[in-house]
Amino acid sequence: MKKTAHIISHTHWDREWYLPFEQHRYYFIKLMNNLLEQFEKDGNAFQSFHLDGQTVLLEDYFAVHPENREAVTQLITERKLHIGPWYVLQDAFLTSSEANVRNLQIGLHDVKQYGHVSKLGYFPDTFGIYGQAPQLLKQAGIDTAAFGRGVKPTGFNNMVSDSPNFESPYSEMIWKSPDGSNVLGILFANWYSNGNEIPVDEEEAKIYWNRKLQDAEKYASTNQLLFMNGCDHQPLQHTIPQAINAAASLFPAYTFKHSSFDEYITALKENLPEQLQVIEGELRNQRTDGWSTLVNTASSRIYLKQWNNRCQTLLEKIAEPLAVMDFLAGGKYPREYLRFMWKSLMKNHPHDSICGCSIDEVHREMVTRFEAVSQMGEVFVQEHAAKLADKVDTSGGPEGGIPLIVLNTTGWDKNEVVTKTVDLKVVYFSEMHFEQIPAYLKEEETSAYRLVDEAGNNIECFMEKPVVEFGYDLPDDKFRQPYFAKRAKLSFAAEDIPAFGYKTFYLIPSEQPEVVMQEQAVNDDMEMENEYVHILFHEDGTYNLTDKATGNTLTQLGIYEDTGDVGNEYMFKEASNHPPITTKGVRAEFRLMERTALRTVVEFTHTLTIPALADEQLEMERNSLI
């Protein structure tokens, strides 16, 4: 049977990597403009272009060329330019499960305005893929995935190498999730550049195709051969129609076609063998050392991962639940602003971004994006929490009491140590000359306070000494309202806060003296415990933790270790013949920072002698890995 060579023109476009975002965007704009010209000039012969599976690229382009939106939309509608289904090509493991879902949801949402989506789970360069991907794709109506890493062992320049232990003998396989969902998996066995820069010259084309056809046939389970005409930040090959004509004349036993994934997958499914290898769960190159899957970026630029976790938690666990709670209480659901916050965060989720393996300029810009998401999320939470609190009836509280409403945005009842700055007295500028207010508040005697719950039960709390600070309100119907407030930081244990609910406490004047948190003396016996656990500290700062319910003890916890690293920005590899620097056995200076009924804070300080490392030896070890 005659074999078909499907040639898919594409580019894999990392928004930022070895250049910062704006410099990469400059070249992407050139690519898009050239692509529009190519379709206009040679639309009959130049059939298709795959835009890397991520819709954010269109946002990047239209920010500069909004006048071309109609022309691009027409190409998408005509199924010549193929987009989606993702918003970004994000890393699969360093982003949360919710972020992976939102990436697909937002990508599919954005595609609606253009008329057609590429129904392909596209993971060309993802550094390993989560096991639930087939399950997620099937729920979105997608039954095929394409990926470059995580199945067969790969070698130099990402080319598949032969091995008796590879997972599948073919580049086509069945990929199955733990729940049993499965999709057709397509491995870029010779990478997503195996059809790059196809020659037009007959002599060059003969050499090129003799090699390329053999490489593709080696792993293909059918007579449908896939050739990816592009690579990372690859400019458009204008001569594809002529190159295809040259190949067709040289190899009449094959059909050469300027194709799309839609066409290729349809033809592939019609010719698949009855039995394909089933690959289950995560794609992580389980039978290799993991280097080719680049799984060790979790330890690269750890501050990025910390920032990302804070922002994901802010959106997933606080902002969105508050928005739903407010909606159920009669408010409007701010769908577009929530989507905007998610998009802003996900621009830091591509694999060369969140993995920390780009140039310094990229990661500095990422921190700015994280800060922006944090600012958006914090004001969102503040406003929606205040709206919900305003709907709570506190008129039945004790006279003179300051109501404190604790909201629980989780799906389970919660006990939480709450720390809140409370305004004990507020004086607006309209009530007194602003220069007089600070002195007035400082001189006014502060009442003692106690905290009670809704039933009037006393709640143990700790209040710091009040201070006078400036603040302002931003009302919806007038100019900002500045004030000075006498405020204090209050900490207490809020117990049994209902799931997706609230509980009200009241801070009321009392004849009892206010409780001020103070630093406690060091406990010489180096032990602490409560009803749940017992902790024994050792001289080097390590500790034993005993679960009092089970009697199980974990020993020597809290050791810090630093080792030499001869890897690169993608991979950690410990230096050999260099002992790790560790705190084990090194006497620590112990300091009890805070001890109250609510919490205990302990600080350990170590003084370490760091041995000099032989730079020449480390460099030799690095070079041996290249």
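The values are calculated or read from the model by the stated rules, or taken from the named source; none is laboratory data. Treat the numbers as computed from the prediction; the structure is a model and nothing was measured. Cβ coordinates were reconstructed from backbone atoms using ideal geometry, including for glycine residues, and neighbour counts include every protein chain displayed.
Of the set (1) on the phi < 0 side of the Ramachandran plot; (2) of a type in the set (A, V, I, L, M, F, W, C); (3) over 15 Å from the mean Cα position of the chain (by Cα), all apply to MET366 but (3). Only residues that are in a loop (DSSP other than H, G, I, E, B), free of Cβ contacts under 8 Å to residues at least 24 places away in the same chain and loosely packed, with under 11 Cβ neighbours inside 10 Å were counted across the range 432-476, and they come to 8. Counting residues in the range 299-307 that are under 17 Å from the mean Cα position of the chain (by Cα), of a type in the set (Lys, Arg), over 23 Å from HIS12 (Cβ atoms) and at pLDDT 95 or above gives one or more.
I'd like the residue in the range 331-374 that is in a loop (DSSP other than H, G, I, E, B) and of a type in the set (D, E, K, R) and, out of all such residues, is nearest to LEU315 (Cα to Cα). For the range 331-374, the residue satisfying everything is LYS347. Does GLU361 meet the test of being acidic (Asp, Glu) and free of Cβ contacts under 8 Å to residues at least 24 places away in the same chain? In short, no. For the range 38-64, taking the residues that are more than 29 Å from the chain's Cα centre (by Cα) and of a type in the set (S, T, N, Q), the one that is surrounded by the most Cβ atoms within 10 Å (Cβ to Cβ) is identified as SER48. On inspection, ASP232 passes the criterion of being touching a residue at least 12 places away in the same chain (Cβ under 8 Å), of a type in the set (Asp, Glu) and either within 17 Å of PRO124 (Cα to Cα) or outside the structural domain of HIS24 (by TED's automatic domain parsing) (or both). Please determine whether any residue of the range 375-383 is under 20 Å from ALA494 (Cα atoms) and either in contact (Cβ under 8 Å) with a residue 40 or more places away in the chain or assigned to a loop (DSSP other than H, G, I, E, B) (or both). Yes, there is a match, as at least one residue in the range 375-383 is under 20 Å from ALA494 (Cα atoms) and either in contact (Cβ under 8 Å) with a residue 40 or more places away in the chain or assigned to a loop (DSSP other than H, G, I, E, B) (or both). Taking (1) farther than 18 Å from CYS355 by Cβ; (2) modelled with pLDDT under 95; (3) under 17 Å from the mean Cα position of the chain (by Cα); (4) not acidic (Asp, Glu) in turn, ILE106 satisfies each apart from (2). For the range 65-83, taking the residues that are touching a strand residue (DSSP E or B) at 6+ places or on another chain (Cβ under 8 Å) and either of a type outside the set (A, V, I, L, M) or not assigned by TED's automatic domain parsing to the domain that holds LEU136 (or both), the one that is surrounded by the fewest Cβ atoms within 10 Å (Cβ to Cβ) is identified as LYS80.
Tell me, please, whether a residue that is under 17 Å from MET228 (Cα atoms), in the same structural domain as GLY115 (by TED's automatic domain parsing) and of a type in the set (Asp, Glu) can be found in the range 85-94. Scanning the range 85-94 turns up no residue that is under 17 Å from MET228 (Cα atoms), in the same structural domain as GLY115 (by TED's automatic domain parsing) and of a type in the set (Asp, Glu).
Given the structure, is SER163 closer than 25 Å to LEU272 by Cα and either modelled with pLDDT of 95 or more or not in a loop (DSSP other than H, G, I, E, B) (or both)? In short, no. Would you check which residues across the range 339-352 are under 13 Å from THR126 (Cβ atoms) and over 9 Å from the mean Cα position of the chain (by Cα) and list them? Result: HIS351, ASP352.
Residues that are among the hydrophobic types (A, V, I, L, M, F, W, C) and in a loop (DSSP other than H, G, I, E, B) were ranked within the range 209-253; the one that is surrounded by the fewest Cβ atoms within 10 Å (Cβ to Cβ) is ALA253. Just one of (1) within 17 Å of SER171 (Cα to Cα); (2) surrounded by 17 or more Cβ atoms within 10 Å (Cβ to Cβ) fails for THR297. It is (1). Take GLU603 and tell me if it is modelled with pLDDT of 75 or more and surrounded by fewer than 14 Cβ atoms within 10 Å (Cβ to Cβ). Against the criterion (modelled with pLDDT of 75 or more and surrounded by fewer than 14 Cβ atoms within 10 Å (Cβ to Cβ)), GLU603 qualifies. Filtering the range 166-187 to residues that are at pLDDT 95 or above and in a loop (DSSP other than H, G, I, E, B) leaves SER177, PRO178, ASP179, GLY180, SER181. Candidates are the residues of the range 269-294 that are among the aliphatic types (A, V, I, L, M) and surrounded by fewer than 17 Cβ atoms within 10 Å (Cβ to Cβ); the one that is modelled with the highest pLDDT is LEU272. The criterion of being of a type in the set (S, T, N, Q), in contact with a Pro (Cβ under 8 Å, 6 or more places away or on another chain) and modelled with pLDDT of 95 or more holds for SER118.
Taking the range 87-112, which residues are surrounded by 19 or more Cβ atoms within 10 Å (Cβ to Cβ), closer than 15 Å to ARG339 by Cβ and free of Cβ contacts under 8 Å to residues at least 60 places away in the same chain? Selection gives LEU104, GLY107, LEU108, ASP110, VAL111.
Set side by side, the residues LEU314, LEU276, LEU272, LEU322 differ, and just one is outside the structural domain of TYR170 (by TED's automatic domain parsing), over 15 Å from the mean Cα position of the chain (by Cα) and aliphatic (A, V, I, L, M), which is LEU322. Quick check on the range 18-37. Is at least one of its residues part of a loop (DSSP other than H, G, I, E, B) and either more than 25 Å from the chain's Cα centre (by Cα) or charged (D, E, K, R) (or both)? No. Which pairs turn up if I take residues in the range 396-408 that are modelled with pLDDT of 95 or more and look for partners that are surrounded by fewer than 16 Cβ atoms within 10 Å (Cβ to Cβ) and small (Gly, Ala, Ser) with beta carbon separation below 7 Å, at least 6 apart in sequence or on another chain? Every condition considered, the pairs that remain are ASN408/ALA499; ASN408/GLY501. In the set (1) assigned to a loop (DSSP other than H, G, I, E, B); (2) in contact with a strand residue (DSSP E or B) (Cβ under 8 Å, 6 or more places away or on another chain); (3) of a type outside the set (A, V, I, L, M), GLN556 fails one condition alone, (1).
Could you list all residues from the range 1-17 that are modelled with pLDDT of 95 or more, part of a loop (DSSP other than H, G, I, E, B) and not charged (D, E, K, R)? THR11, TRP13, TRP17 - these are the residues of the range 1-17 that are modelled with pLDDT of 95 or more, part of a loop (DSSP other than H, G, I, E, B) and not charged (D, E, K, R).
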